[in-house]
1. If you take the beta carbon distance between B:I270 and B:A36 as r and set R0 to 56 Å, what does 1/(1 + (r/R0)^6) give as a FRET efficiency, to the nearest 0.05?
2. I need B:L204, B:L45, B:L233 ordered by Cβ neighbour count within 10 Å, fewest first.
3. Amide H neighbours of A:L37 under 5 Å, at least 5 residues apart or on other chains, H built in the peptide plane: list them.
4. Most exposed first by the Cβ proxy, i.e. fewest other Cβ within 10 Å, how do B:M146, B:M138, B:M261, B:M368 rank?
5. By how many nm would the segment from B:W406 to B:I185 lengthen if fully extended, with 0.36 nm per residue of separation less the alpha-carbon distance?
6. Remind me, relative contact order of chain B in percent, using alpha carbon pairs under 8 angstrom and six or more residues apart?
7. May I ask for the percentage of alpha-carbon pairs in region B:220-359 that lie more than 27 Å from each other?
8. Round to the nearest 10 and give me the degree value, 0 to 90, for the angle of helix A:13-29's Cα axis relative to the longest principal axis of chain A.
Amino acid sequence: MTATYVVGVDGSDASHRALAFAKRQASLVGDGCALLLVCVVEWSPYKFQTHEENARRNKQKQEEIKIATERVIEPLLKELAAEGLTAEGKVVHGKAATALNNAAVEANAEQIFVARSADHGLSARVFGSVTAQLVMSANVPVTVVS
Amino acid sequence: MFKNYIQAALFALLTLGSSALFASEGLDQTVNAIFASSTGWFVSLIFAPIPGTSFPWIVLWLVVGASVFTLYFGFVQFRSIGHSISLVKGDYSNPNDAGEVSHFQALTTALSGTVGLGNIAGVAVAIGIGGPGAIFWMILAGLLGMASKFTECTLAVKYRNEYKDGSVSGGPMYYITKGFAERGIPGGKILAALFAVFCILGALGGGNMFQANQAHAQLSGVFGDYPGWVTGLIFAGIVFAVIVGGIKSIANVTEKVVPFMAVLYVGTAIVILALNADKIGWAFGQIFEGAFTGLGVAGGMVGALIQGFKRAAFSNEAGVGSAAIAHSAVQTKEPITEGFVSLLEPFIDTVVICTMTALVIIITNQLMFDAQQGVYLVGDNGHIQTIGDASGVALTSAAFGSAVGWFPYLLVIAVVLFAFSTMLSWSYYGLKAWTYLFGEGKNTELAFKLLFCVFVVIGAAANLGPVIDFSDAAIFAMAVVNIIGLYFLMPIVKRELISYNARLKSGEIKKTK
């Protein structure tokens, strides 16, 4: 049986810590554990846009995926491959908490690993941080790395 | 060859207009005279009354078109409104399409081009001339216009151009060309080119000069009389920064502030109506009674009807084909879904926002009413007499101001922002028509964008009545071409509708959340 751990990555030091912890957990499980790195590009279908932005949105989306893949996912996958770990990566658009949970459900993952969110300010107080939202809404266990 | 002729003709026309930028008053008059003599026939043709009546045939054309689409699609606007709202909410959106243009975004972007002066000034003009009864016909035109939007926006998505780099272009130019070719109907290319020419002229006139002119009128009302070219240069500078300089932040701020202003405008209207809730029944009574009797306005019932239909067409642009360009950017595998979403546009614009404005004007007793005779007092100019002799934006401002003292100041900001937002929308529509005629390319696009900026200054600075009349006529001429196209292509939309409804009923198409 293969266990999948979803790890939220965004290229930040905090997300590297989350990945490091997930790697330790995965190595404890052994060969049967795979990591799924998920990089979320924040996107809301309810954001107001200009005509030009709409006309170029598809192109923009492809560019965002390319940049996130090249800068965040691929370097990490190389590292993990060098360490002998099985890993895949994907870039998705949406709200971070929802997108990570969806990716976990889709992959039938055992757990989600994320770093503690750096959200501050009024919106985080009113609506809760991304991490808090994920912890409250996720369908699978969530590990939050400080 | 054909392209060169059109380009030469357009440049001649546009250069003639732009020469007025540096014009003295004398040259203004010369330009006016040239325009009046060379284009007056066109304006007269578009706005000509039906023989024996005072009813402009173009208004009838739009209403007949909307009625035909309403009947042909089995009152789709009333049967599908619930499904339209579900689509906007994203209930049927494919999660894999996250990051693409949603139905909500296509709708709000299109609304940024239609919600504006028509909702503030247009309604006041309709009431001022046609009385409260005009609002009944305006609402009716709005409800019928929902079917026109449904038809044109479905076709716009179905026949849009999707380029290799992922960008899209759509609108009447594309669906007339491709749809006619698909059905084996000749003349599609000529009709599409004609639409594009009218769209460019409409973009530079009604979508640009008229907006700049009205914005300057508002600003000079607050800051005192000052030269229009000052407003023109400032506006042109900002428009230049957005459409040529690509400074997204200004466009983004506008696109965020305009919906906020619209919500604030409607919210204030709701508060005023709530405070005068006991008068709402009476106000609707005036609207219904006026619709069929005129309540003393010039032209009676027909006068009210003409004003209502005409202003609705100005406001929601249903059948004109402009919004189809905006809606074509949506991400969907089912073109008909954007048709469902787009029919909400005339509903929000005309049925909701225009009605709100009208109710506030009526309830705050801005119109002088002879209670004994049961009629409105009409002045020598044929307009209903109002408190302070206000008309247009000033009438709306006075109505809101009588209930909320600070609102007129907010309304000035709203009018200026709405005007700016409409200009940005029309710069896009005009550009799409321009690139359809002359091809995609940086230099081609830059030529149009620079012309557009020049016309901002002209619109604010000059009093070129005939030029503006011509550009208004060009916007309505877009509707002539577009609706001809829609008549030929509506069977395609019908097929899409039947197929989609069958799959929806069978459960093949289901909610994703």
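Read-outs throughout are calculated quantities, based only on the coordinates presented, and are distinct from any laboratory measurement. Remember, predicted model here, so these are calculated numbers, not experimental data. Ideal geometry is used to build each Cβ from the backbone, glycine not excepted, and the neighbour counts take in all protein chains shown.
1. Numbers: r = 44 Å, r/R0 = 0.79.
Once rounded, the FRET efficiency stands at 0.80.
2. Details: B:L204 30, B:L45 13, B:L233 17.
If I rank by nearby Cβ atoms, fewest first, I get B:L45, B:L233, B:L204.
3. Result for A:L37 returns A:V7, A:E88, A:G89, A:K90.
4. Working: B:M146 28, B:M138 33, B:M261 21, B:M368 13.
Sorted ascending by nearby Cβ count, the order is B:M368, B:M261, B:M146, B:M138.
5. On the way: separation 221, 0.36 × 221 = 79.56 nm, distance 5.71 nm.
The B:W406-B:I185 span can extend by a further 73.9 nm.
6. Details: 840 pairs, mean separation 174.2, N = 513.
Across chain B, relative contact order equals 34 percent.
7. Details: 4618 of 9730 pairs.
Here the tail beyond 27 Å accounts for 47 percent of pairs.
8. Computed tilt is about 30 degrees.
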